[in-house]
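Here is the structure we will look at, set down as structure tokens.
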Amino acid sequence: MELWSKLRNLDAYPKVNEDFYSRTLSGGLITILSSLAILLLFFSEIRLYLYSATESKLTVDTSRGERLHINFDVTFPALPCSLVAVDTMDVSGEQHYDIRHDITKKRIDHLGNVIESRKDRVGAPKIERPLQKHGGRLDHNEVYCGSCYGAEETDDQCCNSCEEVRDAYRKKGWAINNVELIDQISHKINKLSFGEEFPGVVNPLDGVEWIQDNSNGLTGMYQYFVKVVPTIYTDIRGRKIHSNQFSVTEHFREAIGYPRPPPGVYFFYEFSPIKVDFTEENASLLHFLTNICAIVGGIFTVAGIIDSFVYHGHRAIKKKMELGKLG
């Protein structure tokens, strides 16, 4: 009995007889508001517990000799497929011309619809020869014949430059209003990425389009200077995705002076010495329970303070009003 008595004295929550309770309207409103706040924060904690958060960390990249997989999809709206080629050169000066492995060329019409698609591989023949303006195929020794956009004097007349188009229009006595419709080396980058896709990756060149102004008849080099950042993404199941992010700056170099730079689209990329590690993590159960207890206890404590302030304030105002009436 003495033990039970000592345990009873340790009770930190002494019970109060219900006869001494005084329930108020303000207390009821505060209880409802505090309960709603607890529910809102409770579901917010559940969402954070069920869905993983991504932590990032920067480390020095010590990897060497890894192969880089480049994904690209570029549209040249006015360039024959047979004239499109992929050439590479590394920092040591080693060059590779007309790369065809795992590259697909698609011939499109003026509306961008695919007419023909063919996948090149090592040793495969080149894709279809360029088409003339009338839609026929060229013979073996025949060169590409560009359109004069309606100003041709004969069926065999070709306009392979902006200046030749202007001369044909002058002979007809026509004015050129839409010079942007003349054949260009313009392009649109539909997709450019380095490595496998991972959640949250942003490729800054996706959808970038560059239309050259042909009013001066100049062509040039479209240059993209890319900084590649090695990235490892580890999902919640521990699966690692080795990929890359990149930043880019753009520059257009006109083909003026001698020797003239060859026109084309150039990507200059280099690797950053810093590697980014993204890791998906879930909050622990202990952390979740601790936050729930903190939410419930904190809100009820704050609500009790507010209720006490409102209750005693109301009583003080009521007492002053009664004293005023008596006076």
Residue check for Arg23: at pLDDT below 80, in the same structural domain as Val296 (by TED's automatic domain parsing), assigned to a loop (DSSP other than H, G, I, E, B) and more than 29 Å from Gly264 (Cα to Cα): yes
Does the stretch 179-195 include one or more residues that are in contact with a Leu (Cβ under 6 Å, 6 or more places away or on another chain), assigned to a loop (DSSP other than H, G, I, E, B) and either within 22 Å of Ala85 (Cβ to Cβ) or at pLDDT 90 or above (or both)? no
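This table checks each residue for (1) out of contact with any strand residue (DSSP E or B) (no Cβ under 9 Å at 6 or more places or on another chain); (2) charged (D, E, K, R); (3) in contact (Cβ under 8 Å) with a residue 12 or more places away in the chain; (4) under 30 Å from Ala283 (Cβ atoms).
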{"site": "Leu29", "(1), (2), (3), (4)": "yes, no, no, no"}
{"site": "Leu33", "(1), (2), (3), (4)": "yes, no, yes, yes"}
{"site": "Leu36", "(1), (2), (3), (4)": "yes, no, no, yes"}
{"site": "Ser44", "(1), (2), (3), (4)": "yes, no, no, yes"}
{"site": "Met89", "(1), (2), (3), (4)": "no, no, no, no"}
{"site": "Ser92", "(1), (2), (3), (4)": "yes, no, no, no"}
{"site": "Ile99", "(1), (2), (3), (4)": "no, no, yes, no"}
{"site": "Ile103", "(1), (2), (3), (4)": "no, no, yes, no"}
{"site": "Asp109", "(1), (2), (3), (4)": "no, yes, no, no"}
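Residue under question is Phe246, and the condition is that it be closer than 23 Å to Leu68 by Cβ and either assigned by TED's automatic domain parsing to the domain that holds Glu66 or modelled with pLDDT of 85 or more (or both); does it hold?
Values: closer than 23 Å to Leu68 by Cβ: yes; either assigned by TED's automatic domain parsing to the domain that holds Glu66 or modelled with pLDDT of 85 or more (or both): yes.
When the stated conditions are applied, Phe246 passes them.
With respect to Thr219, determine if the residue is modelled with pLDDT of 90 or more and hydroxyl-bearing (Ser, Thr, Tyr). Break it down into steps so the answer makes sense when it comes.
Values: modelled with pLDDT of 90 or more: no; hydroxyl-bearing (Ser, Thr, Tyr): yes.
For Thr219, the condition - modelled with pLDDT of 90 or more and hydroxyl-bearing (Ser, Thr, Tyr) - is not met.
Only one of Leu68, Leu33, Leu79, Leu41 is assigned to a loop (DSSP other than H, G, I, E, B), surrounded by 11 or more Cβ atoms within 10 Å (Cβ to Cβ) and modelled with pLDDT of 75 or more; which? It would help to see each step written out before you state the result.
Numbers: Leu33 fails: assigned to a loop (DSSP other than H, G, I, E, B); Leu79 fails: modelled with pLDDT of 75 or more; Leu41 fails: assigned to a loop (DSSP other than H, G, I, E, B).
The conditions single out Leu68.
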Failed condition for Lys57, given (1) at pLDDT below 85; (2) not hydrophobic (A, V, I, L, M, F, W, C); (3) not in a helix (DSSP H, G or I): (1)
In the stretch 264-301, what residues are exposed (fewer than 14 other Cβ atoms within 10 Å of the Cβ) and under 20 Å from Thr249 (Cβ atoms)? Phe268, Glu270, Pro273, Ile274
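The values are calculated or read from the model by the stated rules, or taken from the named source; none is laboratory data. Since the model is a prediction, treat every value here as computed from it, not as a measurement. Using ideal geometry, Cβ is built from the backbone for each residue, glycine included, and neighbour counts are taken over all protein chains shown.
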